[in-house]
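A short worksheet on the structure shown next.
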Amino acid sequence: MNRLQQLFRDKKDICSVYFTAGYPNIDDTLPVLKALEDAGTDLVELGMPFSDPLADGPTIQASSEQALENGMSIKRLFEQIKDMRQTISMPVVLMGYFNPVFKYGIENFIAKCKEVGVDGLILPDLPFDEYREKYLELFEEAGIANIFLITPQTSDERIKLIDANSNGFIYVVSSASVTGAKKEVEQGQINYFNRVNNIGLQSPRLIGFGISNRSTFKTACQHASGAIIGSAFVKLIGEHGAEGSKIEEFIKSIK
Amino acid sequence: MNKSLLANEVMPNAEGFFGKYGGRFVPPMLEPIMQEITEAYEKIKDDPVFKEELYYLQKHYTGRPSPVFHAKNLSDKLGGAQIYLKREDLNHTGAHKINHCLGEALLAKKMGKAKIIAESGAGQHGVALATAAALVGLECDIHMGEVDIYKEHPNVVRMRILGANVIPATHGLKTLKEAVDSAFEAYLTDPVNQLYAIGSVVGPHPFPMMVRDFQAVIGREAKEQFQEMTGKLPDNLVACVGGGSNAIGLFTAFLDDADVNIYGVEPAGTSFETGDHAATLKLGKPGMIHGFKCYLLQNEQGEPAPVNTVASGLDYPGVGPQHSYLKDIERVNYETINDKEAIDAFMKLARQEGIIPALESSHAVAYALKLAAKLPKDQTILVNLSGRGDKDIDYVVEKFGKEYGIEE
């Protein structure tokens, strides 16, 4: 049983955090990771910065730009986390866009993930069919989970197909667009979470996008195994860097 | 050269791939939106009512067919092949971009969208889209790099007069790539009421296919006109390539004519050092940008590389997926022209034929001049003069006026 499977078997209300590697300073990656583990975070999505992000909001986009300016790269990231398994026991998944990984070489990338103890990968712009045709075997042989995103627009049929080909968890994007009357969107979101839960999926789910505080976290936890906090945490480290006490305070305020 | 018969192949396939290029490399938030556009387009493209409506506008609004002109002075002076110009610069709004903008605006209207949004480099696409939006009755937002807003000021003013909002992209190099980022970001905030009318044969499926289909009118007309004028097909075609919409528009009707040599011309800028050019097909490597796979100028980390040319409309680190494919099968030769050669062609065409070409189109003219000089007099070259140069005059005079005896 791998770290991800163990986590989803043993825990509920999983508190997962996204942050951009190499931000705010290039070598903050490991200290932030360590502080998150010490603060009781259950799972981390570690963002690989890219200058051409099609789906990120302004906060994460700005953090990516800063990280790239700091000189961040995939190569540097693997150097930073090469010994992370000496101190970090929670599962860590990498999240980023496809082109830098493609350029690095997917075989090499997967091998490197396995070597340093990365548990999974989220590549939002890698089409599911492309993955299934070309890369699924590679991921499975290495035991690296490929994590797919679903949105309110994803059909039940598609969700089932993704479920059948997932071995980590499914990332449930809480809304496809950010506009619309709030009350309506909230009810719409809950209908969507219920729809997903009623399909009878084998893969656990985490809800992300728009989770920023205890109230949104707890609501999300009622409809999935846990939730992912992104922008709110990136904003925090943007202000305070890898400062352990601030990170601890933040995680305690959510859980 | 392998001139395989392309008419027998369906391009692209159902997933939007031209060989290994194209496709739809987008986050799942965008995927259903792209599918919606694909289905809507597939439904109306052969609808007689839609075709009639578009044909009517092309004829009575744009002024199609645009003429083919034999540039005798230019040809005689060189003493080589005969140069002909397909005058897309004479279209309403002054460039080929109106061809697909009218199509996209009609599509948006039929899909019940209230607003049409897009990026623009030189501002040609922005002006054409703002025009089509005004005509069809849609709101219009144009995203443009801050640098280009300054450089292409007359077009920015035109867009504003036409009622469009011009939204500056202020990150990175503040040019075309950033404008695309900014437009995608705005699009995702409200995909239900907006349609993203991408400005070239780039982006996720169906855009490379749809924009090509709307632009293919250029080649269909030119083929007939050229045969009427000369009794045969042109020996050579030349068009400039940034994203590649005017080029694919001219080339499509000729791809199966194995005796027609086809040249696409990319900007070599000031040198082949990274950041000084936008010669994507010459120096790029396959990669993904803005939701599709193509040749891409990128650094070792897979980040899109900075690009630069005098022609803002060619300033893009990616290129249309069908061009990427046509390069690989060697049906089209992709060549380069640098800033200096383009400016020189700009002045030559102005002074010898009385036609001021856009700096983008000047790249095609410059390559045609080189090619013509090497060929005998009975050979012909058909150049796509994709746009007029009014938008570029201040910039050219400011930067290069002195060399041509123009003092301000």
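The values are calculated or read from the model by the stated rules, or taken from the named source; none is laboratory data. This is a predicted model, so every value here is computed, not measured. A quick note on method: Cβ atoms are made from the backbone with ideal geometry, for glycine too, and the neighbour counts reach across all protein chains shown.
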**Complete:** By residue number, the members of region B:326-356 that are within 18 Å of B:Ser200 (Cβ to Cβ) and surrounded by 24 or more Cβ atoms within 10 Å (Cβ to Cβ) are B:Leu326, B:Val332
**Request:** Evaluate region A:79-101: report whether one residue or more is within 11 Å of chain B (Cβ to nearest Cβ), within 17 Å of the chain's Cα centre (by Cα) and over 30 Å from B:Tyr187 (Cα atoms).
**Result:** no
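Report the residue count in region A:119-135 for those that are within 14 Å of another protein chain (Cβ to nearest Cβ) and either charged (D, E, K, R) or touching a residue at least 40 places away in the same chain (Cβ under 8 Å) (or both).
Going through region A:119-135 one residue at a time, the tally reaches 8.
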**Asked** On the given criteria, is B:Thr336 over 28 Å from B:Pro286 (Cβ atoms), modelled with pLDDT of 95 or more and among the polar types (S, T, N, Q)?
**Response** no
**B:Thr309 crowded, with 24+ Cβ neighbours inside 10 Å, of a type in the set (Ser, Thr, Tyr) and outside any strand (DSSP E or B)** = yes
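Can you tell me which residue within region B:173-194, out of those that are not in a helix (DSSP H, G or I) and not aliphatic (A, V, I, L, M), is surrounded by the most Cβ atoms within 10 Å (Cβ to Cβ)?
By that ranking, first place goes to B:Thr175.
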**Fill in**
When region B:267-286 is checked residue by residue, the ones that are within 14 Å of another protein chain (Cβ to nearest Cβ) and without any contact (Cβ under 8 Å) to a residue 24 or more places away in the chain are B:Lys285
**Hits in region A:136-166 (condition: closer than 24 Å to A:Pro53 by Cβ and away from chain B (no Cβ under 13 Å))** = A:Phe139, A:Ile144, A:Ala145, A:Asn146, A:Ser166
**Prompt:** So which residues in region A:112-126 are of a type in the set (D, E, K, R) and surrounded by 24 or more Cβ atoms within 10 Å (Cβ to Cβ)?
**Reply:** A:Asp125
**Prompt:** Across region A:136-147, what is the number of residues that are touching a residue at least 12 places away in the same chain (Cβ under 8 Å) and either outside any helix (DSSP H, G or I) or not hydrophobic (A, V, I, L, M, F, W, C) (or both)?
**Reply:** 6
**Message:** Of all residues being within 11 Å of chain A (Cβ to nearest Cβ) and among the aliphatic types (A, V, I, L, M) in region B:155-182, which is nearest to B:Gly123 (Cα to Cα)? Just the residue, please.
**Reply:** B:Val180
**Asked** For region B:263-270, does any single residue satisfy the condition of being within 17 Å of the chain's Cα centre (by Cα), surrounded by fewer than 24 Cβ atoms within 10 Å (Cβ to Cβ), of a type in the set (Phe, Trp, Tyr) and outside any loop (DSSP other than H, G, I, E, B)?
**Response** yes
**Item:** Positions within region B:358-369 being more than 10 Å from B:Ile337 (Cα to Cα) and either β-branched (Val, Ile, Thr) or without any contact (Cβ under 8 Å) to a residue 40 or more places away in the chain (or both), in sequence order
**Value:** none
**Fill in**
Turns out the helices (runs of 4 or more DSSP H) fully within region B:317-408 with at least 1 residues that are farther than 30 Å from A:Asn99 by Cβ and under 16 Å from the mean Cα position of the chain (by Cα) are B:359-374
**Item:** For A:Gly57: the one exception among (1) surrounded by 22 or more Cβ atoms within 10 Å (Cβ to Cβ); (2) closer than 29 Å to B:Gly22 by Cα
**Value:** (1)
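Scan region A:79-90 and give yes if some residue there is at pLDDT 95 or above and touching a Cys at 6+ places or on another chain (Cβ under 8 Å), otherwise no. Before the answer, list the steps.
Restricting attention to region A:79-90, the residues satisfying the condition of being at pLDDT 95 or above are A:79-90.
The next check asks that each one be touching a Cys at 6+ places or on another chain (Cβ under 8 Å); those that pass are none.
Looking through region A:79-90, none of the residues is at pLDDT 95 or above and touching a Cys at 6+ places or on another chain (Cβ under 8 Å).
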**Message:** Condition (residue is free of Cβ contacts under 8 Å to residues at least 24 places away in the same chain and either within 21 Å of B:Thr93 (Cβ to Cβ) or in contact with a strand residue (DSSP E or B) (Cβ under 6 Å, 6 or more places away or on another chain) (or both)) applied to region B:327-345: is it met by at least one residue?
**Reply:** no
**Asked** Among all residue pairs at least 6 apart or on different chains, which show Cβ distances below 9 Å where the first residue, located in region B:136-155, is on the phi > 0 side of the Ramachandran plot and the second is of a type outside the set (Ser, Thr, Tyr) and surrounded by fewer than 23 Cβ atoms within 10 Å (Cβ to Cβ)?
**Response** B:Gly137/B:Lys109
**Asked** So which residues in region B:305-316 are within 14 Å of chain A (Cβ to nearest Cβ) and farther than 14 Å from B:Gly243 by Cα, if there are any at all?
**Response** B:Ala305, B:Pro306
**Prompt:** Do you know which residues across region A:14-44 are in a helix (DSSP H, G or I) and of a type in the set (A, V, I, L, M, F, W, C)?
**Reply:** A:Ile26, A:Leu30, A:Val32, A:Leu33, A:Ala35, A:Leu36
**Fill in**
Scanning region B:195-228 residue by residue, those more than 10 Å from every other protein chain (Cβ to nearest Cβ), touching a helix residue (DSSP H, G or I) at 6+ places or on another chain (Cβ under 6 Å), closer than 16 Å to B:Ala40 by Cβ and not in a helix (DSSP H, G or I) turn out to be B:Leu195, B:Tyr196, B:Ala197, B:Ile198, B:Pro206
**Message:** Please pick out the residue among A:Glu107, A:Glu65 that is on the phi < 0 side of the Ramachandran plot, in a helix (DSSP H, G or I) and touching a His at 6+ places or on another chain (Cβ under 8 Å).
**Reply:** A:Glu65
**Prompt:** Under 6 Å by Cβ, and 6 or more places apart or on different chains, what pairs join a residue from region B:22-48 that is assigned to a helix (DSSP H, G or I) with one that is of a type in the set (A, V, I, L, M)?
**Reply:** B:Ala40/B:Met111; B:Tyr41/B:Met210
**Message:** Residues that are crowded, with 23+ Cβ neighbours inside 10 Å, in contact (Cβ under 8 Å) with a residue 12 or more places away in the chain and charged (D, E, K, R): does region B:204-213 have at least one?
**Reply:** yes
**Prompt:** Can you pull out the residues in region A:193-235 that are part of a loop (DSSP other than H, G, I, E, B) and farther than 21 Å from A:Asp10 by Cβ?
**Reply:** A:Ile199, A:Gly200, A:Phe209, A:Gly210, A:Ile211, A:Ser212, A:Asn213, A:Gly230
**Considering residues of region B:287-304 that are facing chain A (nearest Cβ under 7 Å) and touching a strand residue (DSSP E or B) at 6+ places or on another chain (Cβ under 6 Å) only, the residue surrounded by the fewest Cβ atoms within 10 Å (Cβ to Cβ)** = B:Gly287
